[in-house]
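Asks: First, the structure itself, so that you have it in front of you.
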Amino acid sequence: MEENALQLYRDGLREIDFGNRENGRALLKQSADAGCKAAMYKYAYTCTDEQQKVELYKIASDKGCGKAAFMLGYHYALDYETNRHGYIAGEYFLKAYSCGIMPEHKYFGDDRDSFMEAADLKNIIELYVENLDVSFEDPYAIIPIARDAYRFGVISNSQLQKVEELAEINAGIKLRQRIARTCPKCGAYYARVEKRKQPIGKRAAVGGAIGLLGGPVGILIGAGVGALTSKEKEYCVCPGCGHVWEYKLPQ
């Protein structure tokens, strides 16, 4: 990256500090276009349109800006309308972490300003442990983040231990889910899980058998069981052979 891009970044920040927001953002845009990741973040951060801000963060994140990736993780962790928002958040937090950590809030005037701060590690840990808003495909991926958070002094030893314990629990759950979604017929993994109602014939047979008790009692019990068994259950559908079985986690 050329020195000119860094100077444009510094000049843009100065213009914004002096209240010349539009001029400052124009300079940041030039710096960002020249490859300055810190300018990419600041250009996105100073955008007033929230939807456009998210898109600008995505562009910056794709080019290696840790702060932009962190902001996206935070966005998806709290966006309950997004499918698998917790896993999307986890992916962005891991990306932010991989870009580098700034020990404390400092202004360098170069691309180190695009690093996530150590204090942000604590935010990730809190979202993971306390609010359960962050998930990881690899349950152990949170542990290096937690250990660095402890090393930088932003979480306690007891918080670190809690993260490690939760990672072990989540790893066990993930293993049980894998077993439950492995086809017992052909061994294919990652079956589709969908909700289905119990077949009508089976419900009728159960309700009818109890109805043989006769009288109002038999009618009431039979109707009750019919309603109970008509509830939807989760079934796995094998992607390989099409076999269907009830989705149950092993004990």
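Please treat every number below as a calculation from the coordinates, not as lab data. Quantities reported herein were computed from a predicted structural model and do not represent experimental measurements. Don't worry about glycine lacking a Cβ; one is built from the backbone with ideal geometry, like all the others, and counts go over all protein chains shown.
Asks: Return the distance in nm (one decimal) between the two label points of a simple spin-label model at A141 and F108, each offset 7 Å from Cα along Cα→Cβ.
Replies: Going from the A141 label point to the F108 one covers 2.5 nm.
Asks: If you find the alpha carbon centre of region 1-16 and of region 113-171, how far apart are they in angstrom?
Replies: 34 Å
Asks: Same structure, new question: Calculate, in nm to one decimal, what L78 and E246 gain on full extension: separation in residues at 0.36 nm each, minus their alpha carbon distance.
Replies: Roughly 57.3 nm would be gained on extension.
Asks: Starting with the highest mean, order 245-251, 33-39, 63-69 by the number of other Cβ atoms within 10 Å, averaged over the residues of each peptide.
Replies: 63-69, 33-39, 245-251
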